[in-house]
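Input: a single structure, listed below in structure tokens.
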Amino acid sequence: MNDRRGALQEYLLRTQPRTVDRGRMVIVERELTRVVRAGVTGAVVEFGCYRGGMTAWMRAVLDALEADAPVHAYDSFRGLPAVGRHDSDYLAEGEFAASVGDVLRLHEQFGLRRPHVHAGLFAHTLPEQLPARIAFAYVDGDRYESTVECLRAALPRLAPGAILVLDDYADPAASLPGRAVAQPKAPGVMKACEDVFGTPLAVTSVCENPSWALGVYRHAVPPTVSAAMSVGPETAR
């Protein structure tokens, strides 16, 4: 097996530091490994892939685990939409514009299998192009409306035991035990979760960096799958 995680990680840390960092990669590898080891079947999807850094990282993790799940990536490739009333103006409209070619070239550079790339607004692609069964999803919509669209499309398709990870979910510096506080740079993400999941929230704040925390949602698990998932995953690299 040709494990590409080490070289890919160092490359992404140099070239895509705003969207992919060591802490994010640790969490995604840990949660994706948990899903694979539990035997949860379905597609791996990313909402908001930019230049494909996390898309490639998930493929590399799957390959290292000898898992054959397909990877689907969704993005408008036009950059972020306009700021909504639940969002901050930290990120400007049009920021993070990229191309399908950026995603495919990154995979080719590291000898990774191409993902299924779906270009267009979430409202146009998700209803018809989202896989029927999802085992793992990484949501990086940044805005409230984008996150709501992704959650409402993905939740009915999650397999038992599936895991959903949300980028920019909470601010660990302001959060207290049992009470997460929204990331001020992207407050719409937590607000979207509150509106879709209701309260108390089903999302857990997970931190590997002092300035931000990701959100993790674990879908309902049958008892046999639950027992398998209690086994600790391989230490993330």
Notebook entry, point to check: Sorted by accessible area with a 1.4 angstrom probe, largest first, how do Thr41, Thr33, Thr15 fall?
Noted result: Thr41, Thr15, Thr33
Check: Binned at 5 Å from 0, what are the whole-percent values of the Cα-Cα distance distribution for the range 120-186, short to long?
Finding: 3, 16, 23, 20, 18, 11, 6, 3, 0
Checklist line | Shape box of the chain [Cα atoms, principal axes, largest first, Å] | finding: 48, 42, 37
Check: Which of the peptides 91-97, 7-13 is most tightly packed, and how do the rest follow, going by the mean number of other Cβ atoms within 10 Å of each residue?
Finding: 7-13, 91-97
Next item on the list: Could you give the size of the charge dipole of the chain about its Cα centre, using +1 on the Cβ of each K and R and -1 on the Cβ of each D and E, expressed in debye and rounded to the nearest 20?
Entry: 400
Notebook entry, point to check: For the residue pair Asn2 and Ala220, what label-to-label distance in nm results when each label sits 7 Å from Cα along the Cα-to-beta-carbon direction?
Noted result: 4.4
Checklist line | Summed side-chain charge close to Val165 - residues other than Val165 whose Cβ falls under 13 Å, Lys, Arg +1, Asp, Glu -1 | finding: -3
Next item on the list: May I ask for the net charge around Leu201, where only other residues with Cβ less than 12 Å from the Cβ of Leu201 are counted and Lys, Arg are +1 while Asp, Glu are -1?
Entry: 0
Check: Working from the pairwise distances between different alpha carbons, so that the mean of 1/r is found and then inverted, what is the range 50-115's Kirkwood radius in Å?
Finding: 13.2
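The values are calculated or read from the model by the stated rules, or taken from the named source; none is laboratory data. Because the structure is predicted, anything quoted here is derived from the model rather than measured. FYI the Cβ positions are ideal-geometry reconstructions off the backbone, even for glycines, and counts take in every protein chain you see. Accessible surface areas use protein heavy atoms only, side chains included; no ligands, DNA or RNA. Shrake-Rupley method; radii C 1.70, N 1.55, O 1.52, S 1.80 Å.
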